[in-house]
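Here the structure comes first, spelled out in structure tokens, and everything after it is commentary.
The values are calculated or read from the model by the stated rules, or taken from the named source; none is laboratory data. These figures come from a predicted structure and were not determined experimentally. Positions of Cβ are backbone-derived with ideal geometry, glycine not excepted, and every protein chain shown enters the neighbour counts. The protein model used for the area step is the full one, side chains on, heavy atoms only, and it has no ligands, DNA or RNA in it. Shrake-Rupley method; radii C 1.70, N 1.55, O 1.52, S 1.80 Å.
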Amino acid sequence: MVLDMLIISAAFLITFLLRKNFDVLYRLNLISSSHVIPGFSPSLNDYLIVLFLIVPLYSLMFFINGMYRSMRGMSFIEVSWIIVKSAFFVTFSFAALAFLMKLHFVSRVFFILFVTISSGAILLEKALIFKLMHYLRKQGYNYRRLLIVGTGRRANDFVNKLKSHPQWGFRIIGAVDFEEEKIGKNFNEAKIIGTIYDIPRILHTKTVDEVIFVVPRSRLSEIENYLYVCEIEGIKTTVAADLFDLQISHLRQTELDGTPLITFDTTPAKEWQLFLKRSADIVISGIGIAVLFLPLLIVAILIKLTSLGPVFYLQKRIGLNGRKFILFKFRSMHRGAHRRLFGLSSRNEMEGPVFKIKDDPRITPLGKFLRKFSVDELPQLMNVFFGQMSLVGPRPPVYREVRKYQPWQRRRLSMRPGLTCLWQIAGRNKIDFDDWMKLDLEYIDTWSLWLDFKILAKTIPAVLFGTGA
């Protein structure tokens, strides 16, 4: 924390000097005019109050976001996300403080430069620390001595994971079991040095930094006394929480007002990736609305001129975890088309609860063109912008379809619906209903930012050639 505070202070001074000497850029003609960025006249003494506010604010945000917990088992991406998140909150917190304290002299250019330089410097510092500590641990320094309680399959898998990451710096001094006859036998290159009843003796005769319980569910009731023993001795204890062999869910450890919880998520729980996904939704849909405003206006006029009825078709759809919302579409059917649905049900070309036919007589001539090239779907950029939908995700169903879902099919509602998905780029009506549902679940189970990018890239030719949406 002290090192971070020193780096932030140094970044502050560097930023002040850069801002003070911006006129050098004018003389070098690196920017077109001195009017682009206003002059900077305050002295360093004037800005010291900013330094005294920003250093503790940065430290507080780092502390809240977990920067000063043990980074032994963290990835560098997780640390980088903490830095980005902290810089985000520092910016808004300082803006609020500057407003309340009337620090009107603080230059916005100065502050943007400072946050950029300080975040970059902290990121470089953490990268160097990571590299140094990983090197030292691989050389046998800075390690923690672990006692493993349990010798079953889960315990074996856990030890293998530790062995595959020597940079974490864990050394197993031995294992204990519940059965006395196993004492002295080998357990994954470690030795079984006692039973669970020997834990007090082992703590007194060996150097143990942490005791890790990796025991079957049936043995959980037997370990409480030994957790208490470790607590009395002042030894850190950890209980492995992979107690259930679930096929889909991802386990997360959370806390609610001091109560530790084990959460099983069936959707991605990587906060930084979900943040970037939502940010991309806002930026791309916002740009799309602005750029396409004139073409969409022309489409709206054509709809009004070529058929009776409203320009937009507003329909209730089911979104994330069953939330209801109004989906925006350009009207592509004749007015009152929903009343003719029952009479056409025998011509349905899709299995399951979905209704789709190739030559739907309810569709207007203009509507056929709009649907072929998915122009009718473009107003859903508004749904994306307002957070009811995402650019990529399972298509939002109507209520009558959801009522007929089988339990396994309902899991597609566990992720925010999207404009396009795997089903859309795979041919839509050429795929039966069950395969469509399986594609949506495959998307949820394998989701990543890269997968979203690939789907968006494949959507463009699918739309241009009228084979997808």
Query - Matching residues in the stretch 52-80 - criterion: being open to solvent by less than 30 Å² (accessible area, probe 1.4 Å), part of a helix (DSSP H, G or I) and either in contact with a Ser or Thr (Cβ under 9 Å, 6 or more places away or on another chain) or at pLDDT below 85 (or both) - result: I54, V55, L57, Y58, M61, F62
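Among the helices (runs of 4 or more DSSP H) lying completely within the stretch 377-469, list those that include at least 3 residues that are aliphatic (A, V, I, L, M) and modelled with pLDDT under 85.
Details: elements: 380-385, 399-402, 422-425, 433-445, 449-464.
Here the list reads 449-464.
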Query raised in the report: Among the residues of the stretch 196-209, is there at least one that is within 30 Å of F130 (Cα to Cα), touching a residue at least 60 places away in the same chain (Cβ under 8 Å), assigned to a strand (DSSP E or B) and out of contact with any Asp or Glu (no Cβ under 6 Å at 6 or more places or on another chain)?
Result: no
Query raised in the report: Is it the case that some residue within the stretch 89-99 is in a loop (DSSP other than H, G, I, E, B), touching a helix residue (DSSP H, G or I) at 6+ places or on another chain (Cβ under 8 Å) and either at pLDDT 85 or above or within 23 Å of L276 (Cβ to Cβ) (or both)?
Result: no
Query raised in the report: Quick one: is I83 at pLDDT 90 or above and of a type in the set (V, I, T)?
Result: yes
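Could you list, in sequence order, the residues of the stretch 168-188 that are touching a helix residue (DSSP H, G or I) at 6+ places or on another chain (Cβ under 8 Å), open to solvent by less than 40 Å² (accessible area, probe 1.4 Å) and not acidic (D, E)?
Of all residues in the stretch 168-188, those touching a helix residue (DSSP H, G or I) at 6+ places or on another chain (Cβ under 8 Å) come to 168-170, 172, 174-178, 187-188.
Within this subset, residues satisfying the condition of being open to solvent by less than 40 Å² (accessible area, probe 1.4 Å) are 169, 174-178, 187-188.
Of everything in the stretch 168-188, those that are touching a helix residue (DSSP H, G or I) at 6+ places or on another chain (Cβ under 8 Å), open to solvent by less than 40 Å² (accessible area, probe 1.4 Å) and not acidic (D, E) turn out to be G169, G174, A175, V176, F178, F187, N188.
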Query raised in the report: Among the numbered criteria (1) open to solvent by less than 30 Å² (accessible area, probe 1.4 Å); (2) at pLDDT 85 or above; (3) in contact with a helix residue (DSSP H, G or I) (Cβ under 6 Å, 6 or more places away or on another chain); (4) not aliphatic (A, V, I, L, M), which single criterion is violated by F110?
Result: (2)
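How many residues does the stretch 110-161 contain that are of a type in the set (A, V, I, L, M, F, W, C) and farther than 29 Å from I7 by Cβ? Spell out how you get there, then give the answer.
Residues of the stretch 110-161 of a type in the set (A, V, I, L, M, F, W, C): 110-115, 117, 121-124, 127-130, 132-133, 136, 146-149, 155, 158-159.
Right, trim to farther than 29 Å from I7 by Cβ and you get 146-149, 155, 158-159.
Total satisfying the criteria: 7.
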Query raised in the report: Within the stretch 176-195, which residues are part of a strand (DSSP E or B), touching a Lys or Arg at 6+ places or on another chain (Cβ under 8 Å) and in contact (Cβ under 8 Å) with a residue 40 or more places away in the chain?
Result: I192
Requested in this report: Look at the stretch 126-175 and say how many of its residues are touching a residue at least 40 places away in the same chain (Cβ under 8 Å), among the charged types (D, E, K, R) and not in a helix (DSSP H, G or I).
Outcome: 2
Requested in this report: Go through (1) among the charged types (D, E, K, R); (2) at pLDDT 85 or above; (3) under 22 Å from S107 (Cβ atoms) and name the single condition D46 misses.
Outcome: (2)
Requested in this report: Quick one: in the stretch 139-154, of everything that is hydroxyl-bearing (S, T, Y) and farther than 24 Å from P216 by Cα, which residue is surrounded by the fewest Cβ atoms within 10 Å (Cβ to Cβ)?
Outcome: Y141
